[in-house]
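What follows is a set of notes on a single structure, which appears directly below.
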Amino acid sequence: MGRAVVGVAVTVAVATCAVAAVVVGRRVRSRRKWNKVASVVRELEEGCDTSVGRLRQVVDAMAVEMHAGLASEGGSKLKMLLTFVDNLPNGTERGTYYALHLGGTNFRVLRLQLSGQPSPNLEHDVEVERQPIPEDVMTSTTEDLFNFIASSLKDFIAKEPDGSNISQDRRELGFTFSFPVKQMSVSSGILIKWTKGFSIRDSVGRDVAACLQEALTRKGLDVRVAALVNDTVGTLAVGHYHDPDTVAAIIIGTGTNACYLERIDAIIKCQGLLMTSGRMVVNMEWGNFWSSHLPRTVYDIDLDAESPNPNDQGFEKMISGMYLGDIVRRVILKMSLESDVFGPISPKLSMPFILRTPLMAAMHEDDSPDLREVARILNDIFEIPDVPLKARKIVVKVCDVVTRRAARLAAAGIVGILKKIGRDGSGGITGGRSRNDMKMRRTVVAIEGGLYSKYSLFREYLREAVKEILGQDIAKHVILKILSLTTAALMTLPLSIFVRNIGR
Ligand code: ADP
Ligand code: MG
């Protein structure tokens, strides 16, 4: 009897130990898998370091590269393209204007009436039609692309109400073209390369304004392409129309770019050019900026290597909306490979660009207590169901790290421009480093693009970083203004009236 009791007790004890061992084993394994995920995140954070010290190095590098790009053709990865725009609209423009805007994902046709008085709300005076660019057109032939554009304009004009006061003999048109162009005059320029997913090989090296003009003629439209400008220049023009203290414009959308007003004598590579105002807008093509100070991770290296344009647009690949979602996807894939906190590895995680930046932003900005939106998106996009809350929190953290780095690098780029033109409070090239608040002039930077205007955390991080780099006393003179996408293209035409067409 006694032996039986002991026997039962021993069995129970053994069983308990076994259960305990299993539980402990599971716990250890569980801790190990969470540790693995945590170390992926830690490495990501270290790799994405944007301490203010590092940002200042990026600021300096940006200013140095700007100098180099202005000194000689090919002097820097920054192309610092001349635009031949030396005067910006100021509100006194009058007339009916048409514009076409070929951006990254959308194509817009616009019409605007200007009264000769500054309009406080340009958007009300604008007719806009927006169309997504069909994917096959983005990769077809030059002729197909421009035929598509010309047809859209033709339909737009055909819809004009009869009896409207648009009675021009010949319509004039501004073409806002958001790709790098070597400008020959204000109304002509050669495509240097496509970016943002466009790849139409036979357009590189051709005058895109002439291509458009030919397509308009083919469609029987009596419209003259009067100006060809980059979207950054359009943005600067609108910024200046509203506020003459505007000195630079930044685009942060599918891609990223910047332009600013430079003194003619600082543009060494165009010696001999006479511009009436002594200034010219320079299109930096800053998406291609590169510096060893940029915080680069293995995810960036892989993304670049697998892209259609490796070693190109390095700054853009860390900042803009085309890429942020994909960086996050790569990190989630890595975590999924390292541990099973996301369950079995979903094949969707290996699909490039499956996570679009707006959805990444939606996860980042999910403020529900159980991160319901994060769970939904992980399920919908990656087909990963039932992700535990702890793992969802990690995904939010990853979005945060990637977005914060992007916004802070863009901020460093902006301060780099301000430094180059002596608006960073350091006294510029002439003065010493005394941070004299009194000398600092009101300085407005216009910013346009979906990533900036629709992603509030991105905006906050960018603004915060500008303050950190410049210090509160200087930063209070720097105003970052959001500009709307629709109006940017509009200033193309009034611009053409004001510019001196040197290259013609
Ligand atoms: P484009 O750059 O093509 O001219 P936009 O300026 O409208 O067009 O920017 C579109 C880009 O902005 C998208 O590719 C996307 O990456 C980003 N974006 C749009 N909406 C959001 C959003 N809600 N949150 C974050 N990013 C967004
Ligand atoms: Mg755009």
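The values are calculated or read from the model by the stated rules, or taken from the named source; none is laboratory data. Being a predicted model, the structure only gives us computed values, none of them experimental. Using ideal geometry, Cβ is built from the backbone for each residue, glycine included, and neighbour counts are taken over all protein chains shown. Side chains included, ligands, DNA and RNA excluded: accessible areas come from the protein's heavy atoms. Shrake-Rupley method; radii C 1.70, N 1.55, O 1.52, S 1.80 Å.
Miscellaneous remarks
- Any chance residue 233 is surrounded by 16 or more Cβ atoms within 10 Å (Cβ to Cβ), within 16 Å of ligand 1 (Cβ to nearest atom), closer than 16 Å to residue 86 by Cβ and among the β-branched types (Val, Ile, Thr): yes
- Checking each residue in segment 212-234 for being in a helix (DSSP H, G or I) and modelled with pLDDT under 90 picks out 231, 234.
- Of the candidates 110, 78, the single residue that is closer than 30 Å to residue 289 by Cα and either open to solvent by less than 50 Å² (accessible area, probe 1.4 Å) or over 22 Å from the mean Cα position of the chain (by Cα) (or both) is 78.
Okay, residues lined up against (1) at pLDDT 90 or above; (2) open to solvent by 40 Å² or more (accessible area, probe 1.4 Å):
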| position | (1), (2) |
| --- | --- |
| 16 | no, yes |
| 23 | no, yes |
| 28 | no, yes |
| 32 | no, yes |
| 40 | yes, no |
| 45 | yes, yes |
| 48 | yes, no |
| 55 | yes, no |
| 61 | yes, no |
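- Residue tally, condition small (Gly, Ala, Ser) and within 15 Å of the chain's Cα centre (by Cα), over segment 450-484: 4
- Number of the condition not met by residue 487 [criteria: (1) modelled with pLDDT under 95; (2) within 16 Å of ligand 1 (Cβ to nearest atom); (3) surrounded by fewer than 14 Cβ atoms within 10 Å (Cβ to Cβ)]: (3)
- Of all residues making up segment 78-110, the number that are away from ligand 1 (no atom under 16 Å from the Cβ), in contact with a Ser or Thr (Cβ under 7 Å, 6 or more places away or on another chain) and polar (S, T, N, Q): 1
- Selected residue (criterion: modelled with the highest pLDDT) from residues of segment 236-257 that are in contact with a Cys (Cβ under 8 Å, 6 or more places away or on another chain) and within 16 Å of ligand 1 (Cβ to nearest atom): 249
- Qualifying residue in segment 152-165 (condition: out of contact with any Pro (no Cβ under 6 Å at 6 or more places or on another chain), within 16 Å of ligand 2 (Cβ to nearest atom), of a type in the set (D, E, K, R) and under 28 Å from residue 207 (Cβ atoms)): no
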